[in-house]
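*Asks:* Structure provided below as C-alpha cells; questions to follow.
The numbers here are math on the coordinates, done by the rules we state, and not lab data. Bear in mind that the values here come from a model prediction, so they are computed numbers and not experimental data. Quick reminder, even Gly has a Cβ in these numbers, built from the backbone with ideal geometry, and neighbours come from all protein chains shown.
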Amino acid sequence: MTKNVFIPQDEYPIYIKSDFGETISEIGYIFLATNEQNVVPISNGKISLLHGRMYYIPINNTQIDSDLYTIKVHSDVADRIDVRFVKDGFACVIPIRHNASIKNGEKLCVLFPLR
C-alpha cells in the first residue's frame with residue numbers, strides 16, 4: 001500500500017528555456033581569453049554561438065537563482081552548450097562546439113532543488 005505524498009510546488013524541477021522575444025535584440029557576451037565584454041544582435045529568434053565566449057542568454061524565468069538548485073543541462077543541447085549558472089533572468093552559457101545555435105524557446109537546462 002502506497003501513501004500519497006504531497007510535494008510542495010518549489011520541489012518540482014524547473015525547466016529553463018531561452019526567451020529571445022519577437023524583435024531584434026542584443027545578447028551580451030564575454031571573451032574568455034581577454035575578459036572583454038561586448039554584445040551581438042540577434043533576429044529571427046536564433047543565435048549562433050562562437051567558441052571561446054561566454055554568453056548571457058535571456059530565459060523564461062526571471063526569479064530563479066541557480067545557487068539554490070542543481071543544474072542538469074538538457075540532453076538535446078548537452079553536446080552543444082554548457083550552462084554555468086542561471087540568475088536575474090539570464091543563463092550563462094558556454095558553447096562546447098564552434099557555431100552552435102540556440103533557438104527561441106529551446107530547453108537549456110533543468111534545475112533540481114538541493115536536498
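*Asks:* Could you go through the range 84-90 in sequence order and give the Karplus-derived ³J(HN,Hα) for each residue, using 6.51 cos²θ - 1.76 cosθ + 1.60 with θ = phi - 60°, rounded to whole Hz, and x for Gly and Pro?
*Replies:* Once rounded to whole Hz, the list reads 8, 7, 10, 6, 6, x, 10.
*Asks:* Here's a follow-up. Between residue 15 and residue 85, with labels modelled 7 Å along Cα→Cβ, what's the label distance in nm to one decimal, could you check?
*Replies:* Result for the modelled spin labels: 2.6 nm.
*Asks:* How much length is gained if the chain between residue 24 and residue 101 is pulled fully straight, taking 0.36 nm per residue apart and subtracting their Cα-Cα distance, in nm to one decimal?
*Replies:* On the way: separation 77, 0.36 × 77 = 27.72 nm, distance 1.64 nm.
Answer, rounded to one decimal: 26.1 nm.
*Asks:* Can you run phi through the Karplus equation (6.51, -1.76, 1.60; θ = phi - 60°) for the range 22-30 and list ³J(HN,Hα) in whole Hz, with x for Gly and Pro?
*Replies:* Values, residue by residue: 9, 9, 5, 9, 10, 10, x, 8, 10 Hz.
*Asks:* Residues with amide H under 5 Å of residue 20's amide H, sequence separation 5 or more or different chain, H placed in the peptide plane at 1.01 Å from N; which?
*Replies:* The list, which skips near neighbours in sequence, is 105.
*Asks:* Please find, in a Gaussian network model of the chain (springs between Cα atoms separated by less than 10 Å), the residue of 69, 12, 56 whose mean-square fluctuation is greatest.
*Replies:* Maximum fluctuation in the GNM of the chain, among the listed residues, is at 12.
*Asks:* Could you tally up the Lys pairs in the chain with alpha carbons closer than 26 Å? Skip any pair fewer than 8 positions apart unless they're on separate chains.
*Replies:* Lysine pairs meeting the criterion: 14.
*Asks:* How would you classify the chain from its alpha-carbon gyration tensor, with a ≥ b ≥ c the square roots of the eigenvalues: rounded for a/c under 1.5, else prolate if a/b is greater than b/c, otherwise oblate?
*Replies:* Numbers: a/c = 2.21, a/b = 1.97, b/c = 1.12.
Verdict is prolate for the chain.
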